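Every number in this text was worked out from the coordinates using simple rules, so none of it is lab data. Remember, predicted model here, so these are calculated numbers, not experimental data. Using ideal geometry, Cβ is built from the backbone for each residue, glycine included, and neighbour counts are taken over all protein chains shown.
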There are 2 protein chains.
Amino acid sequence: MWLALDGEGPLYRQAYRALRAAILDGRLARGERLPSSRVLARDAKLARNTVLQAYEQLVAEGYAESRRGAGTYVVGQLPERAIRTARPARARAAADSEPPALSAYAERAVRHFARGVTWGRRRPAPRFDFRYGDPAYGDFPHATWCRLLGRRARRASERHLSYSDPGGAPELRQALAAYLSRARGVACEPDDVLVVYGTQQAIDLTARVLIDPGARAIVEEPGYPGIRHALEIAGAEVLALPVDGDGLPTEALAGERARLLCVTPSHQFPTGGVLTLARRLALLTWAERVGAFVLEDDYDGEFRYDGRPLESLQALDRSGRVLYAGTVSKVMFPALRIGYLVMPRALRDPLLAAKAFADTGTAQLEQRVLADFIAQGFFERHLRRARVRNAARRKALLAALARELGDAVEVVGANAGVHVVAWLRGVLPGELRTLRELAARRDVGIHPISPFYATRPRRAGILLGYAALDEPAIAEGVHRLALALREMRKS
Amino acid sequence: MWLALDGEGPLYRQAYRALRAAILDGRLARGERLPSSRVLARDAKLARNTVLQAYEQLVAEGYAESRRGAGTYVVGQLPERAIRTARPARARAAADSEPPALSAYAERAVRHFARGVTWGRRRPAPRFDFRYGDPAYGDFPHATWCRLLGRRARRASERHLSYSDPGGAPELRQALAAYLSRARGVACEPDDVLVVYGTQQAIDLTARVLIDPGARAIVEEPGYPGIRHALEIAGAEVLALPVDGDGLPTEALAGERARLLCVTPSHQFPTGGVLTLARRLALLTWAERVGAFVLEDDYDGEFRYDGRPLESLQALDRSGRVLYAGTVSKVMFPALRIGYLVMPRALRDPLLAAKAFADTGTAQLEQRVLADFIAQGFFERHLRRARVRNAARRKALLAALARELGDAVEVVGANAGVHVVAWLRGVLPGELRTLRELAARRDVGIHPISPFYATRPRRAGILLGYAALDEPAIAEGVHRLALALREMRKS
């Protein structure tokens with residue numbers, strides 16, 4: 001008999017699978033005697049022992065039975081329908097492939113996912129890529145990190161290798177609470193800190209504990225799409241409020257109610273406005289009045305160039321309505337996947353439960369390494385250096401933009417963060433695609449602001465991230481961008 | 001004036017916070033002149049420069065303004081209500097603390113969480129702890145793991161440090177697909193493998209894409225509470241079908257419809273039955289007929305003692321209805337937090353989207369290390385050794401139970417896995433608590449089976465895990481358990 005071996009793994013398993021397929025297909029009928037192992041070994045050019053092992057497996061799995069002295073037989077009691085339909089079923093499933101019944105959540109998630117919300121890069125980046133979100137990897141003290149990592153890994157005790165607290169490793173909660181209080185004025189105890197797998201999980205858990213389908217949520221327009229999408233997928237009715245130069249205009253909240261408001265007060269993402277104190281207080285008053293929670297996404301609050309970093313909104317919160325979310329990815333490296341959510345007391349249990357049921361808690365090793373990295377001062381030292389470097393890069397970018405593009409651009413949001421927004425004068429939004437291509441040909445990466453809008457803006461704007469380029473590269477990149485712009489205008 | 005410094009971080013920040021609190025409390029009124037820096041420095045025993053820095057910060061944050069030559073003043077335009085209520089609001093929030101508006105999900109999650117579903121150990125384990133779920137940490141080739149970890153960490157390129165594919169690291173998807181096909185007969189390509197943070201996340205993502213509130217889901221009774229709870233929290237109406245010695249009795253499915261059926265075919269958890277081939281086929285036929293998906297939790301399919309490991313249910317699936325979930329935690333160490341979900345084609349996009357919106361994808365470093373560990377043969381070598389060791393431990397446990405307890409126990413589920421169930425004859429379920437305490441006094445940990453039941457069983461049963469104890473410890477532990485049992489019966 002013919003055995004179609006699939007070439008995967010040990011030969012006896014291949015023979016077993018081929019025989020099983022023959023049984024399920026009905027090529028070997030119920031009760032039929034299998035060829036003797038000697039015959040099959042000869043036919044299929046297998047060692048006899050291989051065939052014997054395959055038969056043994058068939059018997060163990062219940063497809064065949066061995067009758068003493070009489071050889072091996074296909075069993076009689078395989079449910080008839082199952083045998084008959086085994087092969088046709090696969091063909092049918094492929095053919096009519098009716099869409100399966102998914103949850104409403106899944107339908108929404110697929111729709112948004114297909115719309116192109118992607119993490120992970122698809123193509124190699126151009127040489128002068130003004131992308132936002134990646135730090136300069138070469139600046140990170142990687143050797144120090146690896147040393148701490150190796151030490152923690154080698155010294156892991158049983159406790160460190162077993163299951164852990166869903167809230168996070170105690171060392172890290174302690175280190176983060178101290179750091180956030182020191183650097184961002186966040187009022188918290190270690191128990192208030194929930195360690196999560198990055199900002200996206202902080203948003204997802206927040207949505208899960210606050211959003212029922214149909215609940216109202218408010219976000220900034222423009223804003224980080226990961227927030228808006230996560231809320232929409234959770235079933236929220238999302239209102240996107242346009243920001244101005246000082247961030248979210250709290251007057252616009254007057255008639256609104258919501259379960260959740262998401263805001264980037266230190267540095268509006270992506271337009272760069274800093275929420276004024278008056279607005280911060282008005283926002284908290286509103287939240288208290290309508291019973292809303294506020295998710296403060298302090299995504300790059302570490303970087304501010306005029307004056308000291310502003311304190312967090314959470315620091316002003318007197319009624320426990322602010323969830324403070326942040327990440328170390330922007331400062332260290334995104335693959336680390338460690339973020340934090342400082343929880344108001346009223347949401348501690350729900351958020352811990354949601355985290356526990358989502359994944360039982362964040363993996364421990366990197367948490368402990370990060371705790372060391374913070375507690376031993378490496379984190380803040382790296383941050384200080386990054387601040388100096390980013391200030392110089394920002395200066396180089398602003399100078400190059402003024403020099404090369406002058407009045408052709410309006411630059412906003414330069415006071416903080418690691419990117420600026422450049423509105424291109426005399427360029428239509430529809431022309432940005434061409435400009436992008438012309439720039440790409442000159443090895444320059446530019447990134448339109450439009451994906452951050454729920455309603456496409458009427459002006460052509462781009463985000464220029466400067467944290468991952470050195471100063472000569474920034475100057476050269478802007479020079480090339482100016483050439484691309486001139487080229488587009490000529491054509 | 002009196003400054004209540006909180007002792008956290010630099011002195012100027014402490015001074016700044018104390019002054020801000022005074023402004024928000026109204027102790028420093030709107031428009032009031034702040035003491036001169038010299039006076040405050042003297043009063044508060046601070047350097048004058050510290051006070052100047054604090055004032056500068058107050059000005060930067062908009063709490064104060066500096067009038068040239070006239071000193072620093074509290075601003076006039078702080079919203080009045082915010083100032084007045086700042087302090088009382090906090091007190092009020094603590095006082096009446098009305099429950100916040102949570103999502104239905106959160107209400108359910110908190111209720112289940114409070115019921116004591118916990119991961120993470122609370123107390124130090126007794127010396128002879130027959131706990132289930134922890135492997136023997138000392139048996140793991142930790143030095144090899146650390147070596148691979150160190151190498152991958154040191155050689156991380158930019159691509160490895162940046163954002164990644166939500167499905168998982170390509171190397172690991174490849175290694176897992178090959179391993180699962182080799183070892184468990186799972187039919188899959190690397191793209192079918194979703195890398196997740198352990199089995200709990202596999203369950204959570206499955207529930208998210210398949211369960212709407214009110215949808216029917218079927219689980220085994222008894223079963224892993226993490227599954228039942230996750231489904232109930234997702235809003236499912238959960239039917240728990242009692243298993244028998246061969247696992248889930250598929251006859252019981254005849255009149256049922258469901259979105260999702262969760263099953264442990266290789267080794268029913270926790271009772272240890274192995275689903276017969278006839279039942280496997282009947283189950284798949286049922287799933288196809290009613291349009292249900294099947295989550296196969298192959299939580300310890302690696303360990304089987306009579307004959308070779310059974311192939312997975314997924315290997316029999318001809319119509320793409322089986323989701324195959326597994327973890328390496330049980331074989332390696334739980335803190336690793338890496339599991340996998342082999343996705344049927346129809347659920348690939350929804351599951352990838354759900355994973356992307358949950359956390360953007362699993363952290364990369366350990367994925368790559370695990371890929372090396374598998375591809376270089378360490379994983380399967382460790383598994384082979386673990387099988388030999390576990391077989392010996394199982395034998396020691398069964399012998400000790402027969403010797404020490406004889407007819408006092410009925411042992412089931414010993415053919416596979418890393419634990420057995422011992423039903424205690426002549427012990428009432430209510431007496432187990434006493435037995436547990438008496439055993440604990442002898443440094444023995446026993447774990448009742450009742451938490452795994454939705455409806456408490458009428459017999460007293462315990463789970464005896466043997467993977468984490470060596471043979472002498474097993475013999476001694478059972479001996480002490482027998483003493484505890486005798487002691488209970490005497491009293």
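Remark: relative contact order (chain A) = 17 percent; criterion is Cα-Cα distance under 8 angstrom and separation of 6 or more residues.
Charge dipole of region A:316-462 (Cα centre as origin; +1 on each Lys and Arg Cβ, -1 on each Asp and Glu Cβ, all else neutral): 280 debye, rounded to the nearest 20.
Place the label 7 angstrom along Cα→C-beta at residue B:65 and in each other copy, then list the distances from the first to the rest in nm, shortest first. Those label-point separations list as 9.6 nm.
Pairwise Cα separations in region A:210-280 fall into 10 Å bins from 0 onward with the following percentages, short to long: 22, 51, 25, 1. Highest-first packing order for the peptide set A:390-402, B:226-238 is B:226-238, A:390-402, based on the mean count of other beta carbon atoms within 10 Å. Each copy carries a label point for residue A:7 at 7 Å from Cα along the beta-carbon vector; from one copy to the others these points are 7.1 nm apart, nearest first.
The mean number of Cβ atoms from other chains found within 10 Å of a Cβ in peptide B:339-345 is 1, as a whole number. In straight-distance terms, cross-link reach from residue B:355 covers every one of the aspartates and glutamates whose alpha-carbon lies under 17 Å from its own, apart from those fewer than eight places away in the same chain; here that gives A:107, A:204, A:232, A:359, B:165, B:191, B:192, B:204.
Amide hydrogen proximity for residue B:247: with H placed 1.01 Å from N in the peptide plane, the residues at 5 or more positions away or on another chain lying under 5 Å are B:273, B:274. The helix-only estimate of mean residue ellipticity at 222 nm for chain B, built from DSSP H runs of length n ≥ 4 each weighted as -39500 (n - 2.57), is -14000 deg cm²/dmol after division by the residue total. In this Cβ point-charge picture (+1 for Lys and Arg, -1 for Asp and Glu), chain A has a dipole of about 1600 debye about its Cα centre. Treating the Cα atoms of the protein assembly as shown as identical point scatterers in vacuum, please give the log10 of the normalised Debye intensity I(q)/I(0) at q = 0.06, 0.07, 0.08 Å⁻¹, two decimals. Those come out to -0.50, -0.67, -0.85, one per q.
Principal axis extents of the Cα atoms in region A:247-393, from largest to smallest and rounded to whole angstrom, are 46, 43, 23.
Here's the picture: charge each Lys and Arg Cβ at +1 and each Asp and Glu Cβ at -1 in the protein assembly as shown, and of B:320, B:449, A:331 the one pushed furthest to the positive end of that dipole is A:331. Over chain A, the fraction of Cα-Cα pairs per 10 Å bin, rounded to whole percents and listed from the shortest bin up, is 4, 16, 21, 18, 13, 11, 10, 6, 1, 0. Across region B:157-223, C-alpha contacts under 8 Å between residues 6 or more apart give a mean separation that, scaled by the residue count, equals a relative contact order of 26 percent. Stokes-Einstein diffusion for region B:389-439, with the hydrodynamic radius set to the Kirkwood value over Cα pairs and evaluated at 10 °C in a medium of 1.306 mPa s, equals 132 µm²/s. Excluding residues on the same chain fewer than 8 positions from residue B:45, give the aspartates and glutamates whose Cα lies under 16 Å from its Cα. Partners found: B:6. Its Cα centre serving as origin, the protein assembly as shown has a Cβ charge dipole (Lys and Arg +1, Asp and Glu -1) of approximately 1620 debye. Centre-to-centre, using Cα atoms only, region A:355-370 and region B:412-436 are separated by 32 Å.
Working from the Cα coordinates of region B:307-434, the gyration tensor eigenvalues give, after taking √(5λ), semi-axes of 36, 20, 17 Å in decreasing order. Residue by residue along A:203-212, Cβ atoms of other protein chains within 10 Å of the local Cβ number 5 on average.
Just want to confirm a number: the relative contact order over region B:222-342, from Cα pairs under 8 angstrom separated by 6+ residues, in percent. Could you put the intermediate results ahead of the total?
Values: 172 pairs, mean separation 24.4, N = 121.
This gives 20 percent for region B:222-342.
Counting only other chain Cβ atoms within 10 Å of each residue's Cβ, the peptide A:330-338 averages 5. Annotation: aspartates and glutamates with alpha-carbon distance below 15 angstrom to residue A:395 (same-chain offsets under eight excluded): A:306, A:404, A:470, A:471, A:476.
Among A:245-257, B:191-203, B:209-221, sorting by the average number of other beta carbon atoms lying within 10 angstrom of each residue, highest first, gives B:191-203, B:209-221, A:245-257.
Extending 7 Å from Cα along the Cβ direction at residue A:380 and again at residue A:143 yields two label points whose distance is 2.5 nm. Applying 1/(1 + (r/R0)^6) with r as the Cβ-Cβ distance of residue B:32 and residue A:240 and R0 = 41 angstrom yields a FRET efficiency of 0.55.
Once the C-beta distance of residue B:252 and residue B:125 is scaled by a Förster radius of 45 Å, the resulting FRET efficiency is 0.75 to the nearest 0.05.
When all alpha carbon pairs of region A:185-331 are counted in 10 Å bins from zero, the resulting P(r) reads 12, 45, 38, 5, 0 %.
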